[in-house]
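Take a look at the structure below.
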Amino acid sequence: MYVFHISGLVRSQCAGHLLKVIQECDADARVEVQSDTGRLFVESKTAVEKLRRALKDGGYETHSVEERP
């Protein structure tokens with residue numbers, strides 16, 4: 001599981017857009033958005049850099065990424 005720390009997660013619309021961005025990379029990804037903390041939890045077999053690039057292309061800036069078991 002990856003935990004992305006993202007700036008600008010203030011609206012509920014962002015959650016839907018983030019889900020779409022991640023699932024375009026991996027349709028089987030499990031995604032949870034915590035807008036209040038600016039964290040995006042992603043369980044995916046896709047490489048973290050590909051996910052990070054997709055987020056950037058989608059207009060989101062990731063400050064850091066944690067990898068959790």
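Tabulated results
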quantity: Residues with amide H under 5 Å from that of ASP26, placed H, sequence gap 5 or more; calculated: none
quantity: Using distinct alpha-carbon pairs, which all enter the 1/r mean, Kirkwood radius of the chain in Å; calculated: 11.6 Å
quantity: Dipole magnitude (debye, nearest 20) for the chain, charges at Cβ of Lys, Arg, Asp, Glu; calculated: 100 debye
quantity: Accessible surface, per residue, of the chain when the full set of protein chains is kept, probe 1.4 Å, Å²; calculated: 64 Å²
quantity: Sulfur and carbon atoms: percent of accessible area, the chain [1.4 Å]; calculated: 45 percent
quantity: Difference of contour (0.36 nm per residue) and Cα-Cα distance, SER64 to THR37; calculated: 8.4 nm
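The values are calculated or read from the model by the stated rules, or taken from the named source; none is laboratory data. No experiment lies behind these values; they were computed from the predicted model shown. Note that each Cβ is placed from the backbone with ideal geometry, even for glycine, and that neighbours are counted across all protein chains shown. SASA here: full protein model, heavy atoms, side chains in, ligands and nucleic acids out. Shrake-Rupley method; radii C 1.70, N 1.55, O 1.52, S 1.80 Å.
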